[in-house]
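Q: There's a structure below that I have some questions on.
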Amino acid sequence: MIDSSISAQRAVIEFLRAEREYASQIYRKMKEVYGEQCLARCTIFRWCQRYEAGRVNIKDLPRSGQAHVVTNSTTISAVHHIIYKKLGYGKVCAH
């Protein structure tokens, strides 16, 4: 089975742009190969523009704003304090 991850598809886009393929050709080829797992047409075109502008990395750049995951002892302690002390729960489980 083919690797349909985002980074794998970005690598394909980068390679085909280096081969001077147009974004529309890249989209058609990738849609044939990846089917429903293919990146959206607008995403492929956006990445083609980035590579044309000199981008050399297939990974996302760091973004400003709120972090998606914050895991540190201070945060964990604060959550435990709220759950056990303030809300009075003795056991937390998900069903």
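Bear in mind that the values in this text are calculations on the coordinates, not laboratory data. All figures in this text were calculated on a predicted structure; none of them were measured in a lab. With ideal geometry, Cβ positions are generated from the backbone for all residues, glycine too; neighbour counts draw on all protein chains shown.
Q: So what is the relative contact order of the range 1-57, in percent, for Cα pairs below 8 Å that sit 6 or more residues apart?
A: Reported relative contact order: 45 percent.
Q: Okay, next question. Ratio of alpha-carbon Rg to the 2.2 N^0.38 Å globular estimate for the chain, to two decimals, please.
A: Taking N as the residue count of the chain, the ratio is 1.73.
Q: For the peptides 2-12, 32-42, what is the packing order when you average, over each peptide's residues, the other Cβ atoms within 10 Å and list the highest mean first?
A: Sorting 2-12, 32-42 by mean packing, highest first, produces 2-12, 32-42.
Q: For the range 1-57, what is Rg from Cα atoms divided by 2.2 N^0.38 Å, rounded to two decimals?
A: Taking the Cα Rg and dividing by 2.2 N^0.38 Å, one obtains 1.01.
Q: Next question. Taking Cα pairs under 8 Å and at least six residues apart, what relative contact order does the chain come out at, in percent? Intermediate values should be presented prior to the final figure.
A: Details: 37 pairs, mean separation 27.2, N = 95.
Relative contact order here is 29 percent.
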